[in-house]
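Below you'll find the structure, written out as structure tokens, and then a few comments.
The values are calculated or read from the model by the stated rules, or taken from the named source; none is laboratory data. Treat the numbers as computed from the prediction; the structure is a model and nothing was measured. Every residue, glycine among them, receives a Cβ derived from its backbone with ideal geometry; neighbour counts consider all protein chains shown. Note: areas computed on protein heavy atoms with side chains; ligands, DNA, RNA excluded. Shrake-Rupley method; radii C 1.70, N 1.55, O 1.52, S 1.80 Å.
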Amino acid sequence: MGYDINFENGKGRRIEGNSQSVGDYAAYATIEYRPLSRLVLRPGIRASYNTRYGSPITPSFNTKYTINSKVNLRASYARGFRAPSIKELNLFFVDINHNIQPNPDLKAELSDNVNVSIQYNTTFKNKVAIKIEPSVFYNDIRNMISLAVVDATTQLYNYVNIGQYTNAGANLSAEVKVANISVQAGASFTGV
């Protein structure tokens, strides 16, 4: 169990109304359940209150299954929520090089994330340890906030909700340990 408090306060000439604040107050809890010796289930929940946006309850679920002494399978799901920041809502950033206007009408982002990975560990002659971990992920973000050009002739930028943003990808990482020396390498591919 725990709590998370984020409070953002901005003051100055570039802030709409010369002063703005936003607070996000949350409590979260998770529990671990082992219905089988090789299976771990870990559901979680986060409840929050945002001073400007209605905050949904965001669940998460993680699981790990030990196939054998060398192979573990993991899967997770999490829902996400992100309220716009003071910068996105209320900061005018205008100078000789920039013309970025705030957008007080932004909607909060909501997202879903899924990850699946498999981890293989082995040791050769009790001296060389090898770990290989391929994984895949999927993200679906609704009302994603992005900085966009809204008028190309004046180079006017504004924060906007771009609707739905989805990406998916795969990662592969490997690690070799010999005594106190460790070498890691990895590669990833992400598609939008």
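Per-structure values
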{"item": "Prolate/oblate/rounded label for the range 12-124 (Cα gyration tensor, a/c 1.5)", "result": "prolate"}
{"item": "For the chain: accessible area per residue (Å², 1.4 Å)", "result": "64 Å²"}
{"item": "Accessible area of the range 1-102 belonging to carbon and sulfur atoms, whole % at 1.4 Å probe", "result": "56 percent"}
{"item": "Net charge over other residues, Cβ less than 13 angstrom from the Cβ of VAL71 (K, R count +1; D, E count -1)", "result": "+4"}
{"item": "Förster-model FRET efficiency, 22 Å R0, LEU41 and ASP112, C-beta, rounded to 0.05", "result": "0.70"}
{"item": "Gain upon complete extension [ASN167, GLU32; 0.36 nm per residue less C-alpha separation]", "result": "45.7 nm"}
{"item": "For TYR53, solvent-accessible area (1.4 Å; no DNA, RNA or ligand), Å²", "result": "40 Å²"}
{"item": "Most mobile listed residue (THR63, THR154, THR30) in the chain, GNM with C-alpha springs under 10 Å", "result": "THR154"}
{"item": "Nearby aspartates and glutamates by direct alpha-carbon distance to LYS125 (threshold 19 angstrom, same-chain neighbours under 8 apart not counted)", "result": "GLU175"}
{"item": "Rg to Rh, two decimals, where the range 66-144 supplies the alpha carbon set and Rh follows Kirkwood", "result": "1.32"}
{"item": "Computed lengthening from ASN18 to ARG82, 0.36 nm per intervening residue step minus Cα-Cα distance", "result": "20.6 nm"}
{"item": "Only Lys, Arg (+1) and Asp, Glu (-1) charged, at Cβ; the range 1-122 dipole about Cα centre in debye", "result": "560 debye"}
{"item": "Share of pairwise Cα separations in the range 107-192, more than 17 Å, in percent", "result": "65 percent"}
{"item": "Radius 10 Å from Cβ of THR122, net charge of other residues (Lys, Arg +1; Asp, Glu -1)", "result": "+2"}
{"item": "Mean projection area, nm², convex hull over Cα of the chain", "result": "15.5 nm²"}
{"item": "Taking all pairs of distinct alpha-carbon atoms in the range 56-110, Kirkwood radius in angstrom", "result": "15.1 Å"}
{"item": "Loop chymotrypsin sites (Phe, Trp or Tyr not before Pro), the range 57-124, which have at most 16 other Cβ atoms in a 10 Å radius of their Cβ (DSSP)", "result": "PHE92"}
